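Visitor: Right, I'll just put the structure down here and ask away after.
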C-alpha cells in the first residue's frame, strides 16, 4: 500500500526490497577510491564496439545482466524495467536493453535518473502492477562530451567548476521480500530554475533543487538529519555541495556531518584531474549500486537518504542561451 506523507512524500507499507544490484565502471573510475567496489570494470572506452554510444549501451546491458544474476532472477520474470541516460532519445537504454525482451518504460531525469527509476520501480512493485521490476541508468564521458560540449578531438579547456562525466552504469532488481535494503519512502522533486546558464557549473544549478527536496522531505516526515546514517547526493560535486549547505542553513537545517556526494566519492580529486568532481547518470547509479548498497547489506548503514540531482537542459536549450532548470528526487533506503 502506498500512502501520502505530507505534501510531497510517499510511504511504502510493504517496503519493496532491492534483491539484487550491480555496477559497471570504466578505467578512470577503477583508479578512484571505489575501484574495488564495482562488480565489473571495463578498461576499453569502446568496450569492443564501434562507437562510444554503443559502448554505453553495452555498459547498461552488463549492469542489468549482473543484477539479474546476483538476484537469481531471469529476464522473463521481470515485469518492467525503468531505464534512462543522458543521450538524445535515451538511445543508450533502448539499444542496450533491446535483447532482454523486458517491458520497457524510458525515463529522463538527467543525473537524477537513478532515483527516479528507483521510485518508479518501487511504486510498481508496491502497487501490485509488477511482481518484479528493475531500474538501470548509465553515462559515458566520451558520449556526453560529444553531445553536450565538444568532440574529444577538440581538446577544450575545462573550467574549475566543471565536473567529469562518469563512465559507468548501475542497476537494481526490486521485489516484495522481507530481506535486504528496502525502499521506505520517496520524495519527488519539483523543477527549480535559479537562472544559472553556465553548463560548466552544474553543481550550482542543481543545489537549489536538492535543498528544496530535502527540506520538503524533512517537513513531511518530521525527521532531522541526525536520524540518518548518511545523506547522499548525486552529483553536486564540490561547488554544489557547498551551495547545498549554505541554502539549507538558511532553513536551519545542517546536514554537513551526515552528507556525502557521489561525485566526490568516485574520484580522488588530488590525484585525478576531475576538477569539481564526478557527474552523469552513471555516477550516482554506480556509487549507489556498489559501495552504498554493499554497506547497507553489511549493516554498516541502516537508514540512508539517497537524493540524485539532474540538470534538465539540452544542447539546444544551452545553445539558445536558456537557463538550466534542475530537479532532485529522494529515496529513503533502510536495512531490514
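Visitor: State the number of residues belonging to the stretch 228-256 that are surrounded by 21 or more Cβ atoms within 10 Å (Cβ to Cβ) and in a strand (DSSP E or B).
Guide: Total meeting the criteria: 4.
Visitor: Answer with yes or no whether residue 11 is more than 19 Å from the chain's Cα centre (by Cα), under 23 Å from residue 309 (Cα atoms) and in contact (Cβ under 8 Å) with a residue 60 or more places away in the chain. Please lay out each step first, then the result.
Guide: On the way: more than 19 Å from the chain's Cα centre (by Cα): yes; under 23 Å from residue 309 (Cα atoms): yes; in contact (Cβ under 8 Å) with a residue 60 or more places away in the chain: yes.
Yes, satisfied.
Visitor: Moving on. Which helices (runs of 4 or more DSSP H) sit wholly inside the stretch 50-169 and have at least 3 residues that are at pLDDT 90 or above and more than 26 Å from residue 328 (Cα to Cα)? If you could, list the steps in order and put the result at the bottom.
Guide: On the way: elements: 52-71, 91-96, 113-127, 141-148.
Once the helices (runs of 4 or more DSSP H) in the stretch 50-169 are filtered for at least 3 residues that are at pLDDT 90 or above and more than 26 Å from residue 328 (Cα to Cα), what remains is 52-71.
Visitor: Among the candidates 268, 246, which residue alone is free of Cβ contacts under 8 Å to residues at least 24 places away in the same chain and on the phi < 0 side of the Ramachandran plot?
Guide: On the way: 268 fails: free of Cβ contacts under 8 Å to residues at least 24 places away in the same chain.
On inspection, the qualifying residue turns out to be 246.
Visitor: Please find, among 83, 63, 115, 122, the residue that is surrounded by 24 or more Cβ atoms within 10 Å (Cβ to Cβ), more than 23 Å from residue 25 (Cα to Cα) and within 19 Å of the chain's Cα centre (by Cα).
Guide: Numbers: 83 fails: more than 23 Å from residue 25 (Cα to Cα); 63 fails: more than 23 Å from residue 25 (Cα to Cα); 115 fails: more than 23 Å from residue 25 (Cα to Cα).
Every option except 122 fails the conditions.
Visitor: Filter the stretch 168-187 down to the residues that are surrounded by fewer than 21 Cβ atoms within 10 Å (Cβ to Cβ) and within 18 Å of the chain's Cα centre (by Cα) and list them by number.
Guide: Listed by number, the list holds a single entry, 184.
Visitor: What number of residues in the stretch 301-333 are farther than 29 Å from residue 200 by Cα and either under 17 Å from the mean Cα position of the chain (by Cα) or without any contact (Cβ under 8 Å) to a residue 24 or more places away in the chain (or both)? Reasoning before the result, please.
Guide: First pass over the stretch 301-333, keeping only residues farther than 29 Å from residue 200 by Cα: 301-304, 332-333.
With the extra rule that they be either under 17 Å from the mean Cα position of the chain (by Cα) or without any contact (Cβ under 8 Å) to a residue 24 or more places away in the chain (or both), the set shrinks to 304, 332-333.
Looking only at that region, the number is 3.
The values are calculated or read from the model by the stated rules, or taken from the named source; none is laboratory data. Here the structure is a predicted model, which is why all the values come from computation and not from measurement. All Cβ positions, even for glycine, are placed from backbone atoms using ideal geometry, and neighbour counts span all protein chains on display.
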